[in-house]
1. Check Thr135, Thr121 and return the single one that is modelled with pLDDT under 95 and among the hydroxyl-bearing types (Ser, Thr, Tyr).
2. State which residue is farthest from Val133 (Cα to Cα) when the search covers only region 23-64 and only residues that are of a type in the set (Phe, Trp, Tyr), modelled with pLDDT of 95 or more and not in a helix (DSSP H, G or I).
3. Somewhere in region 117-140, is a residue buried (at least 19 other Cβ atoms within 10 Å of the Cβ), out of contact with any strand residue (DSSP E or B) (no Cβ under 7 Å at 6 or more places or on another chain) and part of a strand (DSSP E or B)?
4. Identify the single condition in (1) touching a strand residue (DSSP E or B) at 6+ places or on another chain (Cβ under 7 Å); (2) more than 22 Å from Glu52 (Cα to Cα) that Pro99 does not satisfy, given that it satisfies every other one.
5. Can you say whether Gly69 is among the small types (Gly, Ala, Ser), buried (at least 19 other Cβ atoms within 10 Å of the Cβ), under 13 Å from Arg144 (Cα atoms) and in contact with an Asp or Glu (Cβ under 9 Å, 6 or more places away or on another chain), as far as the supplied structure shows?
6. What do you reckon, is Val145 in a strand (DSSP E or B) and in contact with a Lys or Arg (Cβ under 6 Å, 6 or more places away or on another chain)?
Amino acid sequence: MKRAIISAIVIGILSVASTGSAQSGSFSADDYIEIQQLYAKYAHTLDLGDAEGWANTFTPDGVFGESQGHDQLKAFAEGFMGSFEGQARHWNTQLVITPTADGADGSCYLLLVDSRTQPYTIMAAGLYQDTVVKTSAGWRFQERVFTQDPQPGSD
């Protein structure tokens, strides 16, 4: 009886795993890891003052808000960094990566903290929704859309 239950569980797990592989084509564990590293690099480069590195987390025609293309993305990052004097910290959590025919859809929560204040101030909280593609340079954001959570009393 126990063997039958264990066998059924193993078969179920293998079925789910093979279904996921079929849906994702050649999407590998390395792809997931590389995309997770892309998310980390995005936050680190922006928070630590590397505007060029941050712009390079996007495709050459990448879009974030009103900024499109490498030069506009770099200018956005430079302005952001100047506003926070290197004291902003992006906390991205609950990353979900979904393979697509063209790459992946990703989403994560954001908590943006200003560490110039004591106690630290939460500047923004919300959700990133992303289109991620694999390029010759690796995985890159094609488009990032940020939706900020409503502020208290902003009904």
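The values are calculated or read from the model by the stated rules, or taken from the named source; none is laboratory data. Note that the coordinates shown come from a computational prediction; the quantities given were computed from them, not determined experimentally. Glycine gets a Cβ as well: all are built from the backbone with ideal geometry, and neighbour counts include every protein chain shown.
1. On the way: Thr135 fails: modelled with pLDDT under 95.
After applying the criteria, what remains is Thr121.
2. Phe64
3. no
4. Tallying (1) touching a strand residue (DSSP E or B) at 6+ places or on another chain (Cβ under 7 Å); (2) more than 22 Å from Glu52 (Cα to Cα), Pro99 fails exactly one: (1).
5. On the way: among the small types (Gly, Ala, Ser): yes; buried (at least 19 other Cβ atoms within 10 Å of the Cβ): no; under 13 Å from Arg144 (Cα atoms): yes; in contact with an Asp or Glu (Cβ under 9 Å, 6 or more places away or on another chain): yes.
It is false that Gly69 is among the small types (Gly, Ala, Ser), buried (at least 19 other Cβ atoms within 10 Å of the Cβ), under 13 Å from Arg144 (Cα atoms) and in contact with an Asp or Glu (Cβ under 9 Å, 6 or more places away or on another chain).
6. Numbers: in a strand (DSSP E or B): yes; in contact with a Lys or Arg (Cβ under 6 Å, 6 or more places away or on another chain): no.
No: the conditions fail for Val145.
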